[in-house]
Every structure is written in C-alpha cells, then in structure tokens.
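The values are calculated or read from the model by the stated rules, or taken from the named source; none is laboratory data. Note that the structure is a prediction, hence the values are computed from the model and not measured. Here the Cβ is made from the backbone with ideal geometry for all residues, glycine too, and neighbour counts use every protein chain on show.
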Amino acid sequence: MKVKKRRKILKLRKRPLPEISLKLGYLIRPLIIFLTAGIISGIYYFGLEVSQLSLKEGDIALRDVYAPFDFQYRLGIDEKKTREAKENARRSAGEVYSLNRNASKELLQSLSDIFASLPENEDVQPSIPQGLLPHIPQDVKFGDLYKVGKRYTGSQIVSMVQPVITEYYKNRYILSLQDFRRLVQVNPSYIYIRSDGNSIQIPLNNTRVVDLGKAREEISQELRKTLGFRERDVITKLVIWNMRPNLIYDRQQTEQLKELAEENVSDVYIYRQVKKNEKILSRGEKVTKEDLLKLREITQRTGANKFPTTVGIFLFSLLFLSIITISYKFYNPKFYQDISRLLLVSLVIVVIVTITKFIIISPLPSYLIPVAMGGMLIGMLISFPVAIKVAIFLSILVGIMIGDNVLPAICFLTGSITGSLAVRDVRKRSQLLKAGLLVGEIQFLTLFSLGLFFNISHTYFIREGLIALSNGLFSSFLVLGLLPILEHGFKITTNIRLLELSDLNHPLLKELLLKAPGTYHHSLIVSNLAEQAAETVGANPLLARVGGYFHDIGKLEKPEYFSENQMQEKDKSRHEKLTPSMSSLIIINHVKKGLELAHKYKLPPAIIDFIEQHHGTSLVYYFYHKALENKGEEEIKEEQFRYPGPKPQTKEVAIVSLADAVEAATRSLQEPTPARIKGLVKEIINNKFVEGELGECELTLKDLNKISEVFTRMILSIHHVRVEYPGEKKR
C-alpha cells in the first residue's frame with residue numbers, strides 16, 4: 001500500500017500531449033488569427049448606422065439621428081452651371097472641315113480654259129464660254145487679256161504660276177471669310193480636318209489656317225515676284241479672282257461632334273457638407289426631401305461600397321496579427337506557446353473594435369474611443385512588448401475605421417504607448433487612475449502639437465484635445481472594470497492581485513500562523529530574502545514575496561513533522577518511529593497537500609507554481625543518507641527520496657527555491673559567523689546549480705552572484721550578534 005501511494009505522489013503532473021493534440025496545436029494559432037481578423041471585419045461591415053433608412057418624405061422621425069461621420073450629399077442639379085459646362089464643352093469640342101485637295105488644280109484649270117478660249121484676232125468678238133465668264137474679273141479689260149494670250153499660250157501661263165499656287169495650297173488651310181469669322185467667334189481649341197476618310201487635329205492658333213482675303217494678298221505678293229512686268233497684273237488678277245478655299249466647313253459633322261461633347265458632360269450638382277454628430281433627423285418632426293438625401297448618402301457609404309474596405313481590413317488584420325505572432329515565436333517563446341495569452345490578446349482587440357464601432361455609429365465623438373485601454377490591459381496582464389505591438393495595430397485599425405485623417409491614429413498611438421508604460425509597476429487600483437490621467441494629458445498634447453503643425457483651427461484641436469484628455473480617464477475606468485474579469489477568466493496574476501494576496505490576514509496565512517508558527521516565520525524570512533534578490537536581478541519582487549508567503553502551506557497537513565515546528569521533545573522524536581522512506585514520503589507530500597489547499601482557496605496559477613516547483617526534483621538528503629546507513633538487503637532507490645518536480649520555470653520561483661534552502665540551512669548553524677554564513681550561502685546556490693535545478697529558468701551566473709550577495713547580507717542582519725547589556729550575566 002505504501003509503495004502504491006508513493007508512486008501516485010511521485011507521478012509527474014505534466015503528461016506528454018497525445019500526437020493528435022500536438023497536431024492541433026500547430027493549427028490553433030492560425031485559426032485564432034483568422035477568426036480574430038474575421039470578427040474585426042464583421043464588426044466593421046455589419047451594424048446599421050442609421051435605423052430609419054426606409055422613411056419616405058412626409059413621414060415622422062421616431063428618434064433623433066446624428067451623422068456617424070463627415071460627408072457631403074447632393075442637394076440637386078445646378079441648372080445654370082450645368083448649362084454653362086455644356087456650352088463650354090460645345091465650344092471646346094472643335095469644328096470639322098473637309099479638305100479639298102484639288103483646289104489648286106481647279107484654279108490652274110480655270111486659267112488654262114480662259115486663255116484657250118481667246119480668239120486669234122483681237123477685233124473678233126470673243127467666244128468665251130458662258131461658264132468661264134464668272135472666272136474673269138470685271139476690272140480686267142479684254143484687250144489686256146488678249147495681249148497676254150497673244151504672247152503666251154495657256155499652258156505657258158499655267159507653268160509660270162503653278163509652282164507658287166501649288167506650294168501655297170500645300171502649306172495653307174484657306175477658309176472663306178464667313179467661315180473664318182465664325183471660327184474666330186466660336187474659338188474652339190482645335191479644328192478637325194477630314195480628307196480621304198482620315199482626320200487630323202490642329203490647334204486654332206496654327207499659322208497655316210488663313211482666310212481667303214489673306215491668302216489672296218500672299219499669293220499676289222508671290223506672283224508679282226515671279227511674273228514679268230507686262231503680264232503680271234492681268235495674270236495676278238485672274239489668279240486671285242479664281243482662288244477658292246480648300247477647307248469647307250462641315251456643319252453636319254461639327255454638330256454631331258458638339259452633341260457628343262455635350263452628352264459627355266456630367267450634370268453639375270449642388271453639394272452640402274455635413275459634419276459628424278450633426279443632427280439629421282429630429283424626433284417627432286416630418287422628414288423632408290433633403291433629409292432623405294442625407295440618409296441616402298449614409299446608406300451608400302455604409303452599404304455595397306463598404307465591401308472592398310472590409311476585405312482590406314480583413315487582409316490588413318490577418319497580415320499584422322500574423323507578423324506579431326510569428327515574431328513572438330522567436331523573441332518570446334513562452335508567450336507564443338501559451339494559447340490562452342493569444343486568446344486574451346484577440347479578446348482585448350475585439351472588445352476595443354466593438355467599442356469603436358459603437359462610438360462611431362453613436363453621437364459620441366471619435367476621440368473618446370478608448371484605444372489606450374488595450375495597451376494598459378495587455379501591459380498589466382501579459383507584458384510591455386506585447387502591449388506596444390497591440391497598441392500600434394489598434395491605432396492604425398481604429399484610424400481606418402473612423403475614416404478620418406491621420407490625426408486620430410497618431411493621437412491614439414501615443415496614448416496607448418504611454419498607457420502601456422504607465423501600468424508596468426502598478427500595484428494599487430488608484431494608480432490606474434493616475435495612469436489614465438497621464439494618457440489623457442499625452443493625447444491632449446499630441447493633438448495640440450499636431451494642430452499647430454497642420455495649421456488647424458484652434459477651436460477644433462482644443463475641443464477635440466479636451467475630449468482626448470477625458471478619454472484617458474475613461475480608459476482607466478474601463479481597465480478597472482475589466483481587469484478582475486480577465487484576471488479570473490485567464491488565470492493571470494497582476495501586481496494588484498498580488499498586493500491583495502500579500503495581506504497577512506489571508507485565511508491560509510492565519511491558519512499557518514496558528515498551526516505551524518515555525519513554518520510561518522520561515523515563510524516570512526524566505527519572502528523577504530526573495531523580494532530583495534528579485535529586485536536586484538530584475539525579476540518581479542512582489543511576485544517573489546507573495547510566492548514566498550505561500551510556498552510551504554502544504555505543511556499545514558502535518559506541521560509537527562517539520563523541524564521548524566518541533567517545539568517539544570515529543571515532536572522531535574516523531575521521525576525516529578518511522579522508516580526513512582516513510583519520513584521522506586511525509587516531507588515530500590507537503591507539495592501535494594499545498595497544491596490541494598491552493599486549489600481549494602483559489603490561489604492564482606502564478607502562486608501555485610511556487611508551491612509545486614520550489615523544491616524542483618531535489619533530493620531529501622537527510623532521510624536518503626539515513627536509509628543508506630540502515631539498509632539491509634532491501635534496495636534503496638534514489639528516486640523514492642526525490643521531489644516530483646517540475647524544476648523552477650521562472651526567475652521568481654528559482655529565487656524562492658534558493659531562499660528556502662538558504663534560510664533552512666543557516667538556521668541549523670551553531671555559530672553563524674559572517675564567514676560561515678557567506679560560505680554556506682555560496683555552497684547551497686552552487687549545489688543547486690550543479691544539480692541542474694536552475695537549468696529551466698532564466699537566471700544567469702551573474703544573477704546568482706548578485707543573489708548570493710543579497711542573501712548573505714540579509715542573513716547576517718538576521719543573525720547579528722547582540723550587545724550584552726550590564727547585569728545580563730547575573731540573571
């Protein structure tokens with residue numbers, strides 16, 4: 001029976017997880033990240049911003065409705081500006097002209113036909129065809145025309161003027177005077193020239209576009225340089241008289257072009273601006289047409305157009321949370337392996353996003369969103385580095401959800417980082433209020449400085465800054481309310497909870513004082529040693545102190561079997577009646593009994609670790625050596641005299657383990673001189689290190705040297721030599 005009972009006690013409490021559980025462990029983190037991103041996106045997407053979107057003109061509003069964000073809405077079409085825009089489009093559309101590439105040939109042909117129809121004899125009545133008479137100017141006398149025709153043939157005259165006319169028509173776009181005046185009046189930016197099924201676009205200010213009058217002047221000047229003195233007047237007059245435009249205005253094509261340009265002009269609307277929290281509907285009043293326009297704008301912004309933004313928020317959340325989680329795999333493995341901590345971070349994020357959504361759709365100002373609450377909660381419940389990453393993520397996310405400029409995101413980021421720093425060493429709930437006030441002050445100063453930088457209205461940033469100031473206190477009140485719930489739900493021990501447990505009026509400690517006063521006194525000394533040592537090496541001194549208080553509560557079961565409680569001779573002889581194995585069983589069993597009491601009194605896991613790990617897997621030397629001295633044929637197994645463990649996992653537990661061993665050992669010194677105490681402390685710490693009891697915590701050799709110095713100094717003060725008072729010897 002004894003062997004069975006001993007095996008049950010020595011059985012390791014941490015069993016290896018089944019293979020299927022290990023496989024699920026790899027999936028649980030991505031699943032948490034995916035679900036968190038999905039919940040964030042769902043909170044952003046769902047939730048009706050305005051509950052009265054089905055109203056009609058003339059209906060009665062059932063409640064007050066406020067604008068959830070800044071927006072502008074279309075009041076109607078601005079007829080005047082729309083008409084002006086269409087007229088500008090028609091003018092700017094340009095005009096279409098057809099290019100007559102045969103204009104120069106037709107001119108030359110007319111000259112050739114005129115001289116070909118002249119009679120050989122000057123006295124003979126000319127037989128010029130009726131069709132050619134319009135091509136001869138009235139100021140040209142027949143005699144002068146006959147003389148030129150007598151001197152040159154028609155082909156010769158054409159060959160004289162052809163280079164000038166052909167080159168001019170090649171390099172000029174000639175318009176009739178009527179078309180040119182209209183073109184100047186309409187003043188389009190471009191004109192389109194169509195020829196052989198193709199079109200080219202040229203600007204109106206192109207020097208190649210001339211009217212017929214200017215073209216005649218330029219041709220006349222060129223011909224006078226080319227032709228001889230005798231014939232140039234007649235030929236020049238014939239040429240300029242027969243010149244025709246080579247650009248013909250295409251009215252039908254131009255009108256089609258202008259109509260197309262007019263159709264492409266959008267209506268110009270009258271817009272009105274609405275600020276966030278501006279009242280849209282008043283309870284009990286009739287809904288107007290303009291009210292419906294405002295509601296429709298809100299619907300469009302929060303309806304189908306919201307889906308792409310929601311997808312973006314989902315992807316951003318998924319990416320950012322994945323990066324945070326992966327970073328902790330390398331830089332904070334303990335946090336990465338603790339699934340409950342990941343769940344806690346996700347829960348805090350979701351809670352803040354939910355509050356953000358509520359404030360956005362309510363009349364409350366956006367700067368009241370308690371983003372700093374996330375950094376404060378995570379900083380107290382987990383760690384400062386985790387809090388910083390969560391603060392950055394939440395600040396960016398909330399800034400996106402607000403849909404405003406960068407000011408809120410920067411304000412919330414500085415406030416969150418400040419809150420994470422301010423709660424690092426909080427031990428009293430009143431200190432949370434001070435931290436909240438500091439957060440508010442930093443947020444106010446942030447908005448004030450950004451307002452000066454961006455040249456924002458003083459009224460705006462002072463008003464919003466005061467709201468941000470109150471936000472800090474609001475965040476601290478929320479932290480006060482949520483902290484106990486999260487502590488209990490996730491079994492996390494904060495400094496505030498530790499301070500409550502440090503009250504020596506705790507039922508377990510009072511019972512320990514009554515039933516095991518020696519253990520109680522031992523625990524007080526251990527807690528003081530551990531607290532000073534923890535502070536020296538950068539561990540949590542409050543956790544070490546409270547852990548020292550409760551580490552030996554298992555001795556309440558049979559206090560008289562422990563040396564510090566053996567006040568009478570009968571107590572000292574109790575182990576003499578027992579075998580060494582049974583005595584070691586009673587000694588080792590105080591860990592198991594301590595765990596049972598800890599669960600019964602609902603001590604937090606951080607304190608339970610001290611009870612379970614403070615002896616690690618160390619050997620009960622006294623009874624093990626006694627068993628070896630008294631052994632007969634029975635085989636003595638060392639494992640029967642070892643604590644079941646596990647070994648200390650944290651700095652604080654390891655420090656309490658060392659303090660426990662040092663305090664017990666120095667108590668047994670007959671002459672506690674400074675040299676002997678110092679040597680004993682170093683020997684005990686060295687033995688713990690050599691045996692591997694400190695191999696699973698984060699203490700370094702440098703830390704052990706500091707701990708040794710602290711223990712030596714404090715134990716020397718406990719065992720100081722008192723001054724012998726006069727008369728004391730006589731008594």
Test each condition in (1) surrounded by fewer than 21 Cβ atoms within 10 Å (Cβ to Cβ); (2) at pLDDT below 90; (3) touching a helix residue (DSSP H, G or I) at 6+ places or on another chain (Cβ under 8 Å) for TYR725 and report the one that comes out false.
(3)
What is the number of the single condition among (1) closer than 20 Å to ARG91 by Cβ; (2) without any contact (Cβ under 8 Å) to a residue 12 or more places away in the chain that GLN138 does not meet?
(1)
Inspect all residues belonging to the range 518-532 and state whether any of them is small (Gly, Ala, Ser) and within 22 Å of ASN589 (Cβ to Cβ).
yes
Pairs, first touching a residue at least 24 places away in the same chain (Cβ under 8 Å) in the range 636-653, second surrounded by fewer than 18 Cβ atoms within 10 Å (Cβ to Cβ) and small (Gly, Ala, Ser), C-beta under 9 Å, six or more apart:
LYS647/GLY692; LYS647/GLY695; LYS651/GLY538
If you scan the range 201-220, which residues turn out to be part of a strand (DSSP E or B) and either at pLDDT 85 or above or in contact with an Asp or Glu (Cβ under 7 Å, 6 or more places away or on another chain) (or both)?
VAL209, VAL210, ASP211
Working carefully through the options ARG545, ARG574, find the one that is of a type in the set (D, E, K, R) and at pLDDT 90 or above.
ARG545
Consider ARG232 carefully, then state whether it is modelled with pLDDT under 85, charged (D, E, K, R), touching a Lys or Arg at 6+ places or on another chain (Cβ under 6 Å) and in the same structural domain as GLY149 (by TED's automatic domain parsing).
yes
If PRO580 passes every condition in (1) modelled with pLDDT under 90; (2) in contact with a strand residue (DSSP E or B) (Cβ under 6 Å, 6 or more places away or on another chain) but one, which one does it miss?
(2)
Given (1) at pLDDT 90 or above; (2) crowded, with 19+ Cβ neighbours inside 10 Å, THR494 misses just (1)
Only one of ILE636, ILE655 that is in a loop (DSSP other than H, G, I, E, B) and touching a helix residue (DSSP H, G or I) at 6+ places or on another chain (Cβ under 7 Å):
ILE636
Which of the numbered conditions does PRO370 fail, given that it passes all the others? Conditions: (1) over 27 Å from THR310 (Cα atoms); (2) modelled with pLDDT of 85 or more; (3) outside any helix (DSSP H, G or I).
(1)
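Rundown of residues vs (1) more than 26 Å from VAL681 (Cβ to Cβ); (2) of a type in the set (D, E, K, R), yes/no style:
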position: ALA516; (1), (2): no, no
position: ASP552; (1), (2): no, yes
position: MET567; (1), (2): yes, no
position: MET582; (1), (2): yes, no
position: ILE586; (1), (2): yes, no
position: GLN613; (1), (2): no, no
position: VAL620; (1), (2): no, no
position: TYR624; (1), (2): no, no
Yes or no: LEU482 under 48 Å from the mean Cα position of the chain (by Cα), part of a helix (DSSP H, G or I), closer than 24 Å to ALA654 by Cβ and not charged (D, E, K, R)?
no
Only one of (1) out of contact with any helix residue (DSSP H, G or I) (no Cβ under 7 Å at 6 or more places or on another chain); (2) surrounded by 13 or more Cβ atoms within 10 Å (Cβ to Cβ) is not met by VAL234, so which one is it?
(1)
Considering only the range 148-197, how many residues are exposed (fewer than 15 other Cβ atoms within 10 Å of the Cβ) and assigned to a helix (DSSP H, G or I)?
16
Is there a residue in the range 645-652 that is closer than 22 Å to ALA606 by Cα, surrounded by fewer than 21 Cβ atoms within 10 Å (Cβ to Cβ) and in contact with a His (Cβ under 9 Å, 6 or more places away or on another chain)?
yes
With respect to LYS80, is the statement that it is modelled with pLDDT of 85 or more and surrounded by fewer than 12 Cβ atoms within 10 Å (Cβ to Cβ) true?
yes
Among the listed residues ARG90, ARG101, ARG74, identify the single one that is at pLDDT 75 or above, in the same structural domain as TYR192 (by TED's automatic domain parsing) and in contact with a strand residue (DSSP E or B) (Cβ under 9 Å, 6 or more places away or on another chain).
ARG101
Single condition LYS428 does not satisfy, out of (1) free of Cβ contacts under 8 Å to residues at least 60 places away in the same chain; (2) under 16 Å from GLY379 (Cα atoms):
(1)
Can you tell me which residue is surrounded by the most Cβ atoms within 10 Å (Cβ to Cβ) among those in the range 505-552 that are of a type in the set (Val, Ile, Thr) and over 13 Å from MET714 (Cβ atoms)?
VAL546
